[in-house]
1. Once the piece of chain linking Ser43 and Asp224 is laid out straight, how much longer is it, given 0.36 nm per residue of separation minus the C-alpha distance between them?
2. Please list, in chain and number order, the residues 5+ apart from Val276 or on another chain whose amide H is under 5 Å from its amide H, with Hs placed from the backbone.
3. Using 7 Å Cα-to-Cβ label points, what is the Glu214/Asp73 separation (nm, one decimal)?
4. Which entries of Lys5/Lys168; Lys62/Lys298; Lys204/Lys300 have Cα-Cα distances beyond 19 Å here?
5. Given bins 10 angstrom wide, list per bin the percent of all Cα-Cα distances in region 208-343, short to long.
6. What residues qualify as long-range amide H neighbours of Phe23, i.e. H under 5 Å apart, gap of 5 or more or another chain, H built at 1.01 Å from N?
7. For Ile47, what accessible surface area do you get with a 1.4 Å probe? Give it in Å², rounded to 10.
8. If R₀ is 22 angstrom, what is the calculated FRET efficiency for the pair Lys118 and Asn277, using the beta carbon separation as r and rounding to 0.05?
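The values are calculated or read from the model by the stated rules, or taken from the named source; none is laboratory data. Computed from a predicted structure; not experimentally measured. Counting neighbours? That spans all protein chains shown, and the Cβs are built from the backbone with ideal geometry, glycine included. Side chains included, ligands, DNA and RNA excluded: accessible areas come from the protein's heavy atoms. Shrake-Rupley method; radii C 1.70, N 1.55, O 1.52, S 1.80 Å.
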Amino acid sequence: MISIKQLAETRGDLTSIPTAYNFFTPNNDIHLPVVSDELYEDSIPTIDFSLLTSGTPEQRSKIVNDLGKACRDWGFFVVIKYDIAVLSSGFFLSTCIGIKVDDDYQVINHGVPESLMKVMIETCGEFFKLSEEEKQEYAGKDILDPIFYGTSINGAATQVLFWRDFIKFFVHPKFHCPTKPTGLGEISMEYCKRTGEVARELMKGISVSLGLEEGYIEKAMNLDSGLQFVAANLYPPCPKPDVAIGLPPHSDYGLLTLLIHNGVCGLQVQHKGNWVNLNPNPNAFVVNIGNHMEILSKGKYKSVFHRALVNETDARMSILVVHGPALETVVSPAPELVDNETNPPAFAGMKYREYLEMLQSKIHARLSPK
């Protein structure tokens, strides 16, 4: 299948798109929540990562509560890198980086250098500039392929195509990466090591916020052998952004997803029946709860729907690192959160591998000719 990048570039002044990419039609509008005119950007929870690792007991207790509230109310939160050790003024932070936060929040370095985040985005961008033949060397068909290049993958029954190209590769417990472009492997390995450290600290805080031991998620989900992968998405400019979509409403599998982007807007989160624009500073991590964290929390923390829109003028890139359990780990609600008489489990246990294989079989079934 032709890539979206090639489609956009070889058609010259493209003024329309093939009908296969028409997502927003009368036939499926009924399934979409109403887009809110009210902006919620200033309400997206912002987490002070430093207080999880170096705060006083009182500070850590407060940030753990904030983290739990973010997971419960939004399923999304933002962790921001900033060069000043402590900021006590939400107004000053708003003036400097354009995101309003409550005065009670203090934002500090999340530990991943801005230069590393930038070069990760740039180097993944170089992958999409490779020739179609070079990229097709990594074409995949299965969700468990260790390296998977593709375009317009859609498991929906409508079989509408998406306006995006992507490369996905597993980085843990065994590291896989395309050999091109030069440097992608080394950069990805260091970037994923750093994001993995951030994710583990966040999961410690989430464990405590659920009333569990700090290391519960790490041990129960066997994170030393956990499946971690990178997914880089390219959304080229689209002449019909009101018709096409980059990714439709979906939730993520796994425990936590950490996302960065190139500064071009497009991510929307479903919140209280509305689509909310989520446009953080490019130096921030956007973190969302995955389906398996919802299962582990017995539904207390929500894996919410989100989607990616496209625009007419600017290419958008996002890079996700998804942190999941070990493939052979059975994911079920934490026993401490379950009372079979008064609070029975809401989810049946299933191995992570079986869940992914089930997901793959559903995609194949829906894409098979009828």
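1. Between Ser43 and Asp224, full extension yields an extra 61.7 nm.
2. Residues meeting the criterion, in which the H sits 1.01 Å from N, are Val269, Gln270, His271.
3. Result: 2.6 nm between the two label points.
4. Result: Lys62/Lys298 exceed 19 Å.
5. With 10 Å bins starting at 0, P(r) equals 11, 36, 30, 16, 6, 0.
6. Ala244, Ile245
7. Spelled out: Ile47, probe radius 1.4 Å, area about 0 Å².
8. So, using R0 = 22 Å, E works out to roughly 0.45.
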